[in-house]
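Every number here is computed from the coordinates shown, using simple stated rules; none is lab data. Keep in mind it's a predicted model, so treat the numbers as computed, not measured. Because the Cβ atoms are built from the backbone with ideal geometry, glycine has one as well, and the counts that use them run over all protein chains shown.
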Amino acid sequence: MLLAIDVGNTNIVVGLFRGERLEGNWRLATDATRTADEYAVLLEGLLGHTGNTFDQVSGVSISSVVPTLTATFRELGERYLDLPALVVSAKIETGVKIVIDNPLEMGADRIVNALAALRMHRVPAIVIDFGTATTFDAVSERGELLGSAIAPGLLTAMEGLYHRAARLFSVELVAPRAAIGRDTAGALQSGAIFGYAGLVEGLVARFRHELGGDPRVIATGGLAPVVVGATDVVDVTDPYLTLHGLRLIHELNVDAGMAGRGDAATRGRGDGETSPRRRVPDKP
């Protein structure tokens, strides 16, 4: 079984795969102060809800935008699973051609999103990930990750507004009945939901013009449902796109390599570097 871990600035999303089937998925608050031991206790408990244990995990695939937690989850894999962690970056086989000026700048989550769009949907595609930031990634019909646009995430922007404007307050992020708010709460909801829908529509239109063809617009991320209902430019919402991308990139880098080396597994020395997995002696 594969443990797929997407470490974001706000949430950590974990998926457990048996082959291509997602058996369980969980969302944790990102806390860079937690240790590998603490995250191991959390994950072991979550796996137990699906009737599984760490002993059944045979692979770990990680995308992370929080460097300290990259090291934490690599340590977790080594100490608790006796497994190397495949850490996604442009240094490994990605399954997509990254054609921006500096491929190493491309976020790991967006690399696996592009791969999942290519393998599970169709290209050309525009992938929108609604998280701490709202990112737009263009994937060409040849499977090239052409570039991106990055905007503040919906919740990030609203929290900034609440902190900077003394008379404004936090509201539930749902679409109001009308764009013209008749009170402060309605005005804030209109600006948040319809405002971000307008942002999405504007950038999708510009991406379509530059990409050409008929790109498929794919939405993912924890805040996608909040905005997608207020616009008709999104073709499909795939909440598990990143997790499936982590599964697919693991297959490219580890499963395929192991097929040619018998039962040999690998231990990660760095992003994309491996060495033989140690054997744990049988208990007496």
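Can you tell me the equivalent ellipsoid semi-axes for the range 91-187? Use √(5λ) from the Cα gyration tensor, largest first, whole Å. Could the numbers behind the result be given before it?
Working: eigenvalues 255, 48, 18 Å².
Ellipsoid semi-axes (Å, largest first): 36, 15, 10.
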Residues in the range 72-88 reached by a label modelled at Ala29 [backbone nitrogen below 12 Å; 7 Å Cα→Cβ]: none
What does the highest-first list of 175-181, 54-60, 240-246, 120-126 look like by mean Cβ count within 10 Å? 240-246, 120-126, 54-60, 175-181
If you fit an axis through the alpha-carbon atoms of helix 108-120 and take the longest principal axis of the Cα set of the chain, what angle between them do you get, 0 to 90°, nearest 10? 90 degrees
What is the packing order of peptides 154-164, 140-150, taking the mean over residues of other C-beta atoms within 10 Å and listing the highest first? 140-150, 154-164
Of all beta bridges DSSP finds with both residues in the chain, what is the antiparallel percent, to the nearest 5? 65 percent
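If neighbour count is taken as other Cβ atoms inside 10 Å, put Asp235, Asp101, Asp6 in order from fewest to most. The partial results should precede the final answer.
Values: Asp235 15, Asp101 6, Asp6 25.
Listing Asp235, Asp101, Asp6 from fewest to most nearby Cβ atoms yields Asp101, Asp235, Asp6.
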Any idea what the relative contact order of the chain is, in percent, if you count C-alpha pairs under 8 Å spaced at least 6 apart? 18 percent
Can you sort Thr33, Thr50 by how many other beta carbons sit within 10 Å, fewest first? Thr33, Thr50
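Just the number, please: percent antiparallel of the DSSP beta bridges in the range 122-237, rounded to the nearest 5. Walk me through the numbers before you get to the answer.
Values: 13 of 20 bridges.
If we restrict to bridges inside the range 122-237, about 65 percent are antiparallel.
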Which of Phe207, Phe169 has the fewest other C-beta atoms within 10 Å, and how do the rest follow up to the most? Phe169, Phe207
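Using only the alpha carbon atoms of the range 122-237, find the Kirkwood hydrodynamic radius as the inverse mean reciprocal pair distance, in angstroms to one decimal.
Values: mean 1/r = 0.0675 Å⁻¹.
Kirkwood radius, the range 122-237: 14.8 Å.
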Read-out Cα extents along the principal axes in Å, candidates (i) 73, 42, 32; (ii) 111, 32, 27; (iii) 60, 45, 41; calculated match is (i)
Going by average Cβ density within 10 Å per residue, which order do the peptides 107-115, 188-196 take, highest to lowest? 107-115, 188-196
